[in-house]
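Engineer: Before I ask anything, let me first share the structure, which is written out below as structure tokens.
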Amino acid sequence: MNATNDTFKALADPARREILRLLRQGEMTAGELAAHFDMSRPTMSHHFAVLADADLISRRRDGQTIWYSLNTTVLQDMLAWMMELTVTEPKGKKA
């Protein structure tokens with residue numbers, strides 16, 4: 001359940017949701033992502049760390065450059081979990 005909590009925590013912040021939206025276009029560098037925000041480098045690094053800890057993004061280093069990409073697996077798992085909540089069991093039947 002801790003992974004689920006990390007995911008919800010990561011998605012709770014509008015800046016982190018925007019980072020995920022930007023990464024839908026494909027892999028981007030930390031600098032390219034930061035250019036879309038009026039935030040300090042440490043603040044951006046914190047957002048990247050929260051997203052990475054929740055496994056919503058992956059990162060790779062190429063020399064001095066860090067590249068970020070969207071990890072849709074966690075989002076797909078969360079969506080599947082949410083969809084399960086919409087399925088109603090017949091009354092009197094317990095899983």
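Engineer: Considering only region 41-59, I want to know if a residue exists there that is open to solvent by 80 Å² or more (accessible area, probe 1.4 Å), assigned to a strand (DSSP E or B) and either within 22 Å of ASN2 (Cβ to Cβ) or out of contact with any helix residue (DSSP H, G or I) (no Cβ under 8 Å at 6 or more places or on another chain) (or both).
Structural biologist: Yes, some residue in region 41-59 is open to solvent by 80 Å² or more (accessible area, probe 1.4 Å), assigned to a strand (DSSP E or B) and either within 22 Å of ASN2 (Cβ to Cβ) or out of contact with any helix residue (DSSP H, G or I) (no Cβ under 8 Å at 6 or more places or on another chain) (or both).
Engineer: A further question on this structure: Can you name the number of the only condition in (1) open to solvent by 40 Å² or more (accessible area, probe 1.4 Å); (2) at pLDDT 95 or above; (3) closer than 20 Å to THR7 by Cα that ALA80 fails?
Structural biologist: Exception for ALA80: condition (2).
Engineer: Here is a further query. List every residue pair whose Cβ atoms sit under 6 Å apart, with the two residues 6 or more apart in sequence or on different chains, where the first one lies in region 37-54 and is free of Cβ contacts under 8 Å to residues at least 40 places away in the same chain and farther than 15 Å from TRP67 by Cβ and the second, anywhere, is open to solvent by less than 40 Å² (accessible area, probe 1.4 Å) and assigned to a helix (DSSP H, G or I).
Structural biologist: Pairs found: HIS47/ALA15; HIS47/ARG16.
Engineer: Return the pairs, sorted by first residue and then second, in which the second residue is acidic (Asp, Glu) and part of a loop (DSSP other than H, G, I, E, B), the first residue lies in region 66-91 and is closer than 24 Å to PHE48 by Cα, the beta carbons are less than 8 Å apart, and the residues are 6+ apart or on different chains.
Structural biologist: TRP67/GLU27; TYR68/GLU27; SER69/GLU27; ASN71/ASP55; THR73/ASP55; VAL74/ASP55
The values are calculated or read from the model by the stated rules, or taken from the named source; none is laboratory data. As the structure is a computational prediction, the values presented were derived from the model and not from experiment. Here Cβ is always computed from backbone atoms with ideal geometry, including for glycine, and neighbour counts include all displayed protein chains. We work out accessible area using only protein heavy atoms, side chains counted, and drop any ligands, DNA or RNA first. Shrake-Rupley method; radii C 1.70, N 1.55, O 1.52, S 1.80 Å.
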